[in-house]
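Quick note: the coordinates plus some simple rules give every number you see, no bench work behind them. Note that the structure is predicted; figures quoted are calculated from it, not measured. Please note: Cβ atoms are built from the backbone with ideal geometry, for glycine as well, and neighbour counts cover all protein chains shown.
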């Protein structure tokens, strides 16, 4: 894919996101949410009963209470070894994925949100993406005899700025590093390509 094709693909996806507000899917989801909130249907007539059933909402909650407990575990992801030599590798990959999904991204909550979206709005989507982040923190190191601050930061990843060295030889640095974080979110179709709530 060349630059022109990439720009065209991005423009197309942006158009899909901005035009979503006029699509039939949006109207379906809006009506579904009105049913969940038990809002007026719009066909009420004067002098006739205005009672509205909460069946859709109650059924959704009943199904959630049945489905979601199955995912209330710290081991949502499990890789099976293909042979005796793969046992350690499968276990390591399972623990890594569970840590990323369950602990770092509140995986149980995201799954429940996705299931709820599917039940009430017909579309349950979990989006996985990598977020680029820039982190800045301070680090301190005790300088050994003959060491200079430049020797501490040499070859280290990121940008190191020497702030100060006290009388005891404790050197303090400001460290700026570019990092990446895997994100898993339950998201509605309108925000799949462009999310106005994205932090960065």
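Values for this structure:
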| read-out | value |
| --- | --- |
| Size-normalised alpha-carbon gyration radius of the range 125-200, reference 2.2 N^0.38 Å | 1.70 |
| Ranked list, fewest to most other Cβ atoms within 10 Å of each Cβ, for 127, 174 | 174, 127 |
| Sorted by Cβ density within 10 Å, fewest first, the residues 121, 33 | 33, 121 |
| Choice from 40, 84, 149 showing the highest fluctuation, given a GNM over the chain with Cα pairs closer than 10 Å | 84 |
| CD proxy at 222 nm, helix term only [per DSSP H run n ≥ 4: -39500 (n - 2.57); per residue of the chain; nearest 500] | -11500 deg cm²/dmol |
| Sites residue 90 and residue 45, calculated FRET efficiency, Cβ-Cβ separation with R0 41 Å, nearest 0.05 | 0.05 |
| Computed label-point distance, nm, for sites residue 1 and residue 192 using a 7 Å Cα→Cβ extension | 1.5 |
| Residue among 123, 43, 105 with the largest mean-square fluctuation in a Gaussian network model of the chain, springs linking Cα atoms under 10 Å | 43 |
| At R0 = 45 Å, FRET efficiency that the Cβ-Cβ distance of residue 59 and residue 179 yields, to 0.05 | 0.55 |
| Of all DSSP beta bridges in the chain, antiparallel share, percent nearest 5 | 100 |
| Estimated FRET transfer efficiency (residue 34, residue 128; beta-carbon r; R0 30 Å; 0.05) | 0.50 |
| Ascending count of other beta-carbon atoms within 10 Å, so fewest first, for 10, 56, 115 | 10, 56, 115 |
| Cα principal axis extents for the chain, largest first, Å | 93, 48, 43 |
| In degrees, nearest ten, helix 55-67 long axis to first principal axis of the chain (Cα) | 40 |
| Relative contact order (%) - the chain, alpha-carbon pairs under 8 angstrom, separation at least six | 22 |
